[in-house]
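The values are calculated or read from the model by the stated rules, or taken from the named source; none is laboratory data. The model shown is predicted, which means the values in this text are computed figures rather than measured ones. Cβ sites come from the backbone with ideal geometry, for glycine too, and all protein chains shown count toward neighbours. Surface areas here come from the heavy atoms of the whole protein model, side chains and all, with no ligands, DNA or RNA. Shrake-Rupley method; radii C 1.70, N 1.55, O 1.52, S 1.80 Å.
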Amino acid sequence: MKEKTPRVDWAELLSRTFDVDVFACMRCGGRRRVLAYVKGAEGVRAILEHLGLGQAIEYVRRVSSARSPKQVRRRRERGRRQRPERSG
């Protein structure tokens, strides 16, 4: 028997939010399955190039370098502490 966990997977979240079954094939009605999870930007770039979608690489670069507001604040704070004072 499976234990219930409070965690909801991404497919279930999409189903609840947009009322769409991401595993249903729109062409044949069959079921899709996950072959792999691509986590790194390099893997995404390689797949896009292989599919002839090289123009999307710039978008991937921008998205993969995105930072949350919290990360931006931390980076700024670290930069202020590490920079020597300017004399002037």
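Here are the numbers:
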read-out: Flag for Leu53 being modelled with pLDDT under 90 and surrounded by 12 or more Cβ atoms within 10 Å (Cβ to Cβ); value: yes
read-out: Some residue of the stretch 24-38 being in a helix (DSSP H, G or I) and of a type in the set (D, E, K, R); value: no
read-out: Condition check for Gly43: open to solvent by less than 60 Å² (accessible area, probe 1.4 Å), under 25 Å from Glu12 (Cβ atoms) and at pLDDT 75 or above; value: yes
